[in-house]
Structures are given as C-alpha cells and as structure tokens.
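Notes to accompany the following structure.
The values are calculated or read from the model by the stated rules, or taken from the named source; none is laboratory data. Note that the structure is a prediction, hence the values are computed from the model and not measured. Here the Cβ is made from the backbone with ideal geometry for all residues, glycine too, and neighbour counts use every protein chain on show. Side chains included, ligands, DNA and RNA excluded: accessible areas come from the protein's heavy atoms. Shrake-Rupley method; radii C 1.70, N 1.55, O 1.52, S 1.80 Å.
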Amino acid sequence: MTGGTWRSTDVPQALRAEATRAMLSDVHLPWSLDLPDRAPHDCRLEWHGLGGCTIVECRSAPLSGFREAPDIRRTEGDHFGLLLVLSGRERVRQGDVVATLGPGDMLLWDSSRPIRFEIVNALHKVTLIVPRERLARAASAEPRGATQLESRGGLGALAAGHLASLSKVAADIPAGHAPLAADILVDLLGRMLDPVAPSPAGGDLFGRLLRHIEENLDDPELTPSRIAARFGISPRYLHMLWSGSGGTVATHIRSRRLDAMRRDLADPRLSHRSITDIALGWGFSDAAHASRAFSAAFGHSPSAYRSSRRE
C-alpha cells in the first residue's frame, strides 16, 4: 500500500455509509460498523505505506464499530495498531481493557483479538499499523491485547510526538527512507513495552545516536546535519526523533560538552591545562562562547568554578 486520501463527502449521500465501511476496512484493517445503510456519515482518511507499516490519519463524526471473528478472518496478516488521539474522544474495549481516550492519549491494540470502539464526538486520530513480527523484533515480551500507554512523559511523550509528526510528513518521505521512519517509532514502542530488555541487533536507533554523540563530543564537527548523514537519515528525521523530549539535538550536545568540561575543571590532575584548552578539547570552537554557556548553565564562570573546587 502506497498512500491516498479519501473523503466521504465526495460520495453521494445515500452511498456514504457503504463507502465508509469499505474504505475503513481497506486501509485500516477490516471492521464492522454500527452504521445504517443510508446514513450520511462524515469521514476523511489519509494513509501512507512506510516500509511494511501503514500510517492512517482519520477524521470522523460519531461512530461505533467492532472487529470480531469474521473480520479477523478477513484480515491479511497479523498486526498491532498504535493509536494516538489528536482531538475528540473515543472509547475502546479489548478483552479486560476499557479505555476512554482523549487528546494526547495513546493505545496499542491487537488485530488478532476482538475489539470494539465508539467515537463519542468528532474525532481526529492517527494510527500506525505494525506487523506483529516487526514489533516482536523490537520487544522481547509480546503484549496481550490492548495496552494504554503513558504518552505525557519519558519515552511515551517521545513516541507520541514522533507519531503525530510522522502523520504530517509521511507524504514527503522518500520510499527508500520510509522503513527507517517507521523503525524509529517501532523501536521506541518496543522499549516502552519492555524497558529493561536488551536492544535487538540493529535496532534502537535512538540509543545508537546517543552513544555516537557521547563518543564524539570532542569533535567540533559534531553537528545535527553531520550526525544525520552518519546514520543515513535526514536532519528532519533526526529532529523528529528528539521531538517530545523537551530539547533539541544541539542543546543535548552542548549540555553533554558542558558536563564534560565541568568534570575536567574539577579534576586536580588537569590543573595544568588552561580553560581554553579544556573547552576546545570538548568540541567547543570558541572559548568565549563556551565560557558564557558554562556560566549560564552552572551559575559560575569556568575560572570561578575551578577555583572553588581547589578550596
């Protein structure tokens, strides 16, 4: 599946219910809808393929529906759906999990199990449809049924921000980069589901980026654009990965360099090295800039801090 856009308002009113059933089942896995045959339902869908995953943005008037055994049998493959509500309200029931989702709430649901939903009021949501085997490579423990995910802090906020951003730029992602765009989110999801598990081979792009930054803080050419090129991604994807973390790649690099600089200034074995030498040694290209950044971060100039550590 590549991508497309569909609006029920482009269909004659008497055919909208039937067309909505067909389109939802085509791009969002098969569903049965509690919708009268000639109901003038208002729905808009936009979808894009992302290297085996599919991202679906849905705007819908109040609606309810379900997936039961016949719908599950009609589904090609086995998937999970990562759902993020952007506006409106939706109730979802799968097994023992009953969730009322509002703006910013995120839920993972299982296509192999019966599920029911109800759109309470006009809804705008985005869902990433992920093949089960792809998620299994990112998480050692497979979720059982629906799982409501923390989306307002930590990795959850990062994942929610990435999913929301991905829905906006998916149409512009080159086909060769599409799998990576989805992998970033799936790897984050795997960590959220099993945060203590070791990273799968080749996975955890975010962790590899962090390690690369730590190992190259002394390189003055360590910039977001060069990091993106090193990992074969665009600067936009790199910044998207950091969205929701409360900072940027550049501020993270500066913060880690300042921490390293402070550590060296406090080390009596390095008292023979000048402040300029230490600053330049940690990748700052200008000692005066490093001094100002140090003072802003720690409330003391580098020289005052070094003196205080000798007392």
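Within region 24-50, how many residues turn out to be out of contact with any Pro (no Cβ under 8 Å at 6 or more places or on another chain) and either open to solvent by 40 Å² or more (accessible area, probe 1.4 Å) or over 22 Å from residue 169 (Cα atoms) (or both)? The total comes to 17.
Take the conditions of a type in the set (A, V, I, L, M, F, W, C), closer than 30 Å to residue 41 by Cβ and at pLDDT 95 or above and apply them to residue 149. Does it pass? Here the answer is no, as residue 149 does not meet what is asked. Can you find even one residue in region 220-238 that is surrounded by fewer than 17 Cβ atoms within 10 Å (Cβ to Cβ), closer than 26 Å to residue 152 by Cβ and either in contact (Cβ under 8 Å) with a residue 60 or more places away in the chain or more than 34 Å from the chain's Cα centre (by Cα) (or both)? Looking for residues that are surrounded by fewer than 17 Cβ atoms within 10 Å (Cβ to Cβ), closer than 26 Å to residue 152 by Cβ and either in contact (Cβ under 8 Å) with a residue 60 or more places away in the chain or more than 34 Å from the chain's Cα centre (by Cα) (or both), one finds at least one in region 220-238, hence yes. Selection of region 134-152 for residues being closer than 23 Å to residue 85 by Cα, over 15 Å from the mean Cα position of the chain (by Cα) and among the hydroxyl-bearing types (Ser, Thr, Tyr) yields only 147. Flag: residue 202 does not match the condition of being under 29 Å from residue 78 (Cα atoms), modelled with pLDDT under 85, open to solvent by less than 40 Å² (accessible area, probe 1.4 Å) and not charged (D, E, K, R). Pairs are defined by a Cβ separation below 6 Å, a sequence spacing of at least 6 or placement on different chains, a first member in region 12-35 that is under 11 Å from residue 66 (Cα atoms) and free of Cβ contacts under 8 Å to residues at least 60 places away in the same chain, and a second member that is crowded, with 18+ Cβ neighbours inside 10 Å and of a type in the set (D, E, K, R); the pairs so defined are 30/71; 31/67; 32/71; 33/21.
Okay, residues lined up against (1) within 25 Å of residue 215 (Cβ to Cβ); (2) under 39 Å from the mean Cα position of the chain (by Cα); (3) small (Gly, Ala, Ser); (4) assigned to a helix (DSSP H, G or I):
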site: 258; (1), (2), (3), (4): yes, yes, no, yes
site: 261; (1), (2), (3), (4): yes, yes, no, yes
site: 264; (1), (2), (3), (4): yes, yes, no, yes
site: 278; (1), (2), (3), (4): yes, yes, no, yes
site: 289; (1), (2), (3), (4): yes, yes, no, yes
site: 292; (1), (2), (3), (4): no, yes, no, yes
site: 296; (1), (2), (3), (4): no, yes, yes, yes
site: 307; (1), (2), (3), (4): no, no, yes, yes
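Okay, residues lined up against (1) free of Cβ contacts under 8 Å to residues at least 60 places away in the same chain; (2) surrounded by 17 or more Cβ atoms within 10 Å (Cβ to Cβ):
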site	(1), (2)
84	no, yes
89	yes, yes
94	yes, yes
98	yes, no
102	yes, no
108	no, yes
115	yes, yes
121	yes, no
